[in-house]
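Here's the structure we're looking at; comments come further down.
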Amino acid sequence: MKERRSPIFSSARDFGNTPDDARVQHPNAFISGRSFALLPEKKTIDPSFNYAIFAFSVWKKSAMTITAEPVPSAADLFNVNGLVAAVTGAGGGIGLLMARALEANGAKVFILDINPAKLEEASKQSKFGNLFPIQCDITSQDSLIKATEAIKNQVGHVNLLVANAGVPGPYPPRIPAGASISDVFDAWWSTPFESFLSTYRVNDAGTFYTVLAFLKLLDAGNRQKNVGFSSQIVTTASITAFNRTAPSGFAYATSKAAVIHLMKQLSTYLVPFQIRCNAIAPGLYPTEMSSPALDVDQDALLATIPAGRTGDANDIAGTILYLASRGGAYCNGMVVLTDGGRLSTMPATY
């Protein structure tokens, strides 16, 4: 008797239209009853069929024909016209920059923030009147549900969620060179336990529950089929997630490492629902949140960035427009560094 092999090729396009005997279970056991469709033309799993060779032949065929495809213009490739997006932590900083970039290029953007005054000012920076403020506390499940209900009542779906809201956490104390282990203990021990936990409460638990709250709207975005590619979650992490020197403190750095791992797990977990998940890991951008990191000798700081400068609006706009458009539609489970090369000058795990 021939060994029954698990097929390695599946069709997301025909997911949901294939008989049960031509499907394989999603590897995540927590998604009960969800499975992948196999080859649509094969109604049963054939133990003698070499799926690896078939997959290679499909790849070979596409590799031979892709050069014949027309080359798109940048205007088409990075077009976000008609896209419906929601950006948390959009009252200022990188969140507002991303929201403005999306809105300026044709998207309808709901900007969420805990601070109503910042939201009001942020909405005034709209180019086409398509920045819609919604006050929301991402650490409150009730607040998240109210926000998603408001969006549902207005448009009924979301194509892109940018889970950007976060806090810096306790900044590292200044410990002089040559300090004793007792000095290190005293400096860090004075940091309140709760301030460490609150960083995780916002940056990790808040991000996770934000994703949960928007799942139905993202699924509705897939069903709407208004942009030509699948719904997506983009989380804002940081290069500190990979930096072994923890210049922004242990709480912030490890919370952002957790955000990246959460994104990677979600990118696998949500495959059956065709919801993608990617992350942006910014380096040093001059914002209110990064001001303590900028309070150092500027020449010494810029010496750690090969680009010789900090990030600006063009850098973050280019990153989010790539991910949000057809240009980035083939990305899932990816971390995009936008740091001017700074991480390459430090001991890092990336």
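Points 7 angstrom from Cα along the Cβ direction at E120 and R201: gap in nanometres?
2.7 nm
Please identify the trypsin sites (Lys or Arg not before Pro) of the stretch 103-139 that satisfy two criteria: DSSP loop assignment and at most 12 other Cβ atoms within 10 Å. Which are they?
Sites meeting the loop and neighbour criteria: K124, K127.
Using label points projected 7 Å from each Cα along Cα→Cβ, tell me how many nm separate N81 and E288, to one decimal.
3.5 nm
Using only alpha carbon pairs under 8 Å that are at least six residues apart, calculate the relative contact order of the stretch 74-345 and give it in whole percent.
The normalised contact order for the stretch 74-345 reaches 20 percent.
Applying the Karplus parametrisation 6.51 cos²θ - 1.76 cosθ + 1.60 with θ = phi - 60° to the phi angles of the stretch 73-84, what ³J(HN,Hα) value in whole Hz is obtained for each residue in order, glycine and proline being reported as x?
Running phi through 6.51 cos²θ - 1.76 cosθ + 1.60 with θ = phi - 60° gives 7, 4, 4, 7, 5, 10, 6, 10, 4, x, 5, 10 Hz.
Over all alpha-carbon pairs in the stretch 292-350, figure out the percentage whose distance exceeds 16 Å.
Roughly 56 percent, rounded to a whole number.
Work out how much length Q154 to Y322 would gain on full extension: take 0.36 nm times their residue separation and subtract the Cα-Cα distance, in nm to one decimal.
Going from the current span to full extension adds 57.9 nm.
Starting from the Cα of Y330, move 7 Å in the Cα-to-Cβ direction to define the label point; list residues of the stretch 264-278 whose amide nitrogen is under 18 Å from there.
276-278
Cβ under 12 Å from L161's Cβ, L161 left aside: what net charge do those residues give with Lys, Arg +1 and Asp, Glu -1?
So the environment of L161 carries a net charge of +1.
At q = 0.08, 0.09 Å⁻¹, what log₁₀ I(q)/I(0) does the stretch 74-345 have when each alpha carbon counts as one equal point scatterer in the Debye sum?
Cα-only, vacuum Debye calculation for the stretch 74-345: -0.32, -0.41.
Once amide H atoms are built 1.01 Å from N in the peptide plane, which residues 5 or more positions from F110, or in another chain, come under 5 Å H to H?
It is A85, A86, V87, F132, by chain and number.
What's the local net charge at G89, with K and R +1, D and E -1, over the other residues with C-beta under 12 Å away?
For residues surrounding G89, the net value is -2.
Rounded to whole Hz and in sequence order, give me ³J(HN,Hα) for the stretch 260-270 from the Karplus expression 6.51 cos²θ - 1.76 cosθ + 1.60, θ = phi - 60°, writing x for Gly and Pro.
5, 5, 4, 4, 5, 5, 5, 4, 7, 4, 9
Please report V184, V167 as a ranked list, fewest other C-beta atoms within 10 angstrom at the top and most at the bottom. Each step should come with its number before you reach the end.
Details: V184 12, V167 19.
Lowest count first: V184, V167.
For every other residue with a beta carbon closer than 13 angstrom to the beta carbon of A237, add +1 if it is Lys or Arg and -1 if Asp or Glu, then tell me the sum.
Result for the neighbourhood of A237: 0.
Apply the Karplus curve 6.51 cos²θ - 1.76 cosθ + 1.60, θ = phi - 60°, to the phi angles in the stretch 101-109 and return the couplings in whole Hz, x for Gly and Pro.
Along the stretch 101-109, the couplings run 5, 5, 5, 5, 10, x, 8, 9, 10 Hz.
Between V336 and residues 5 or more places away or on another chain, which pairs have amide H atoms under 5 Å apart, with H built 1.01 Å from N, and which residues are they?
For V336, whose amide H was placed from the backbone, the distant partners under 5 Å are A279, I280, A281.
Give me the extension gain from D183 to Q265: residue separation times 0.36 nm, minus the current Cα-Cα distance, reported in nm with one decimal. Before the final figure, lay out the partial values.
On the way: separation 82, 0.36 × 82 = 29.52 nm, distance 3.88 nm.
Gain on stretching D183 to Q265: 25.6 nm.
Hey, which of these cross-link pairs are over 20 Å Cα-Cα: K152/K225; K108/K216; K146/K225?
Checking Cα-Cα distances, K146/K225 exceed 20 Å.
The numbers here are math on the coordinates, done by the rules we state, and not lab data. Everything numeric here is computed off the predicted structure, so don't read it as measured data. Here the Cβ is made from the backbone with ideal geometry for all residues, glycine too, and neighbour counts use every protein chain on show.
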